1. Against the condition within 14 Å of another protein chain (Cβ to nearest Cβ) and among the charged types (D, E, K, R), how does A:E111 come out, does it pass?
2. Please specify each residue of the stretch A:53-84 satisfying the condition of being facing chain B (nearest Cβ under 9 Å), of a type outside the set (F, W, Y) and not in a helix (DSSP H, G or I).
3. For the structure I just gave you, tell me whether A:D44 is under 23 Å from B:I99 (Cβ atoms) and either touching a Gly at 6+ places or on another chain (Cβ under 7 Å) or at pLDDT 95 or above (or both).
4. Determine the pairs where a residue that is part of a loop (DSSP other than H, G, I, E, B), located within the stretch B:176-189, has a partner that is of a type outside the set (S, T, Y) with Cβ atoms under 6 Å apart, the partner being 6 or more residues away or on another chain.
5. Would you be able to say whether some residue in the stretch B:120-129 is free of Cβ contacts under 8 Å to residues at least 12 places away in the same chain, crowded, with 19+ Cβ neighbours inside 10 Å, part of a helix (DSSP H, G or I) and among the charged types (D, E, K, R)?
6. Can you go through A:V117, A:V145 and tell me which one is farther than 27 Å from A:Y75 by Cα, at pLDDT below 95 and part of a helix (DSSP H, G or I)?
7. Say we look at the stretch B:101-157 and pick out the residues that are aromatic (F, W, Y) and more than 26 Å from A:I72 (Cβ to Cβ); which of these is modelled with the lowest pLDDT?
Amino acid sequence: MVVKVYGPARAACPQRVMACLLEKGIDFQIVSVDLDSGEQKKPDFLALQPFGQVPVVEEEEEGFRLFESRAIIRYYATKHADQGTDLLGSTLKEQALVNQWLEVEAHNYNEPLFAIVLQLLVFPSMGLPTDSAVVKSNEARLSQVLDVYDQHLAKNKYLAGQFFSLADLSHLPGTQHLVTTLGMSHLVKERQHVNAWWEDISSRPAWKKVLQLVPKPLE
Amino acid sequence: MAAPIKVFGPAMSTATARVLACLLESQLQFDLVPVDMSKGQHKKPEFLGIQPFGQVPAFQDEHISLFESRAICRYIVDKYTEKGKRGLLGMETLERASIEQWLEAESQSFNPPSSALVFQLAFAPRMKLKQDPNLIAQNEAKLSKVLDVYEQRLGDSRFLAGDEFTLADLSHLPNAQYLINATDRAALFTSRKNVNRWWEEISGRTSWKKVVEMQQTPLPSSSST
């Protein structure tokens, strides 16, 4: 069984899925989608993912298809609970905490981060102006969120407790952007416990492999 | 004796209402502990101790203290649904995958524009805050596109994840309730045939009607069913 992951390897949401599949030791194949030419909004792709977003995963022999990266990672982490890294926790309480911090990432972390990505990366690539006030206000929001993280990570090695889980994994793609392409690594480095957590989770072999899968730009 | 389940937050908050709907669907007893947001109670140290981001709701039972409404709902269903009973998260992994997919669609595609519109159109006037016409127009356009996808899906399927009412449908109730009943934008839903059919069905559930009643109750009180 090979899982097909539709989406360019450089995009954050497919990366979230790839990191999970690698942690679980599940074979997959990337089917690239050309976001720059709007392939994701064309009828062929909309038939797979009606919102026109990446990723979507497919297991052809099973007739199985799923979209929304956080739903996909929950599915594979549950289905293959006994294989690879345990990403969900072993008790109902641990699972609830994983879900809690996954929701925090989806709402409190991702929203301001994505607003910054739009302004600093997406709009310029489309020839549109950057609104620096929007960048500033979202940076301030993200700072407040990271203050809470820092307090929490002072008492917990990982977000859901003492074990690496989907909650931490879900932060990998966005935070990678934050510390590299967005040039905001100070937000992480200035916070002792956030920094230690980031150093730990970003050095995992599965995450390093995801980054290797991103095609290098042509010279 | 006080019920072991406590929910902290005002019933009129959409996220709090999401949790109330789940508890009532699951036929569980609980106490609703009011949080006076107009007085900034949610930013005070006592509340930050149970929700460090200063947002409602928070949830406690004898085993755990939790926040984030959709995480709370998942916990309620996993912990309190009888084994072997078809519940809000389905019976097995494959069924649950489809429910999780539409729950994430609600969280990522439906919630942002609908929340913005609820705030601008239903809450800002009450709070005497200035509305932002650009923001309203942008989010109305976004929500329309999302509801077009829902219209297609609900033409093929009775509920979002399949033939049964699930957490994926429930999660939409609070924002949609405000938009349809407290703003002049009801047509976003009612003009779409399948979306309207689905809305009539999910909002007609006894548990949701009880939540709406709780939202309209002026005095904060402990409540149990």
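1. Working: within 14 Å of another protein chain (Cβ to nearest Cβ): yes; among the charged types (D, E, K, R): yes.
Yes; evaluated as a whole, the condition is true for this residue.
2. Scanning the stretch A:53-84 gives A:Q53, A:L66, A:E68.
3. Numbers: under 23 Å from B:I99 (Cβ atoms): no; either touching a Gly at 6+ places or on another chain (Cβ under 7 Å) or at pLDDT 95 or above (or both): yes.
No.
4. B:T183/B:L121; B:T183/B:A122; B:R185/B:L179; B:A186/B:I180
5. First pass over the stretch B:120-129, keeping only residues free of Cβ contacts under 8 Å to residues at least 12 places away in the same chain: B:123-129.
In the following step, the residues that additionally are crowded, with 19+ Cβ neighbours inside 10 Å were identified as none.
No, because not a single residue in the stretch B:120-129 is free of Cβ contacts under 8 Å to residues at least 12 places away in the same chain, crowded, with 19+ Cβ neighbours inside 10 Å, part of a helix (DSSP H, G or I) and among the charged types (D, E, K, R).
6. Details: A:V145 fails: at pLDDT below 95.
Just one listed residue meets the conditions, A:V117.
7. First, pick out the residues of the stretch B:101-157 that are aromatic (F, W, Y): B:102, B:110, B:119, B:123, B:150.
Applying the additional criterion that residues be more than 26 Å from A:I72 (Cβ to Cβ) yields B:119, B:123.
On the way: B:F119: 97, B:F123: 94.
Only one residue tops the list, namely B:F123.
Quick grid of which residues meet (1) in a helix (DSSP H, G or I); (2) within 12 Å of chain A (Cβ to nearest Cβ); (3) surrounded by fewer than 16 Cβ atoms within 10 Å (Cβ to Cβ); (4) at positive phi:
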| site | (1), (2), (3), (4) |
| --- | --- |
| B:L23 | yes, no, no, no |
| B:L32 | no, no, no, no |
| B:H42 | yes, no, no, no |
| B:G54 | no, yes, yes, yes |
| B:E62 | no, yes, yes, no |
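The values are calculated or read from the model by the stated rules, or taken from the named source; none is laboratory data. Note that the structure is predicted; figures quoted are calculated from it, not measured. Don't worry about glycine lacking a Cβ; one is built from the backbone with ideal geometry, like all the others, and counts go over all protein chains shown.
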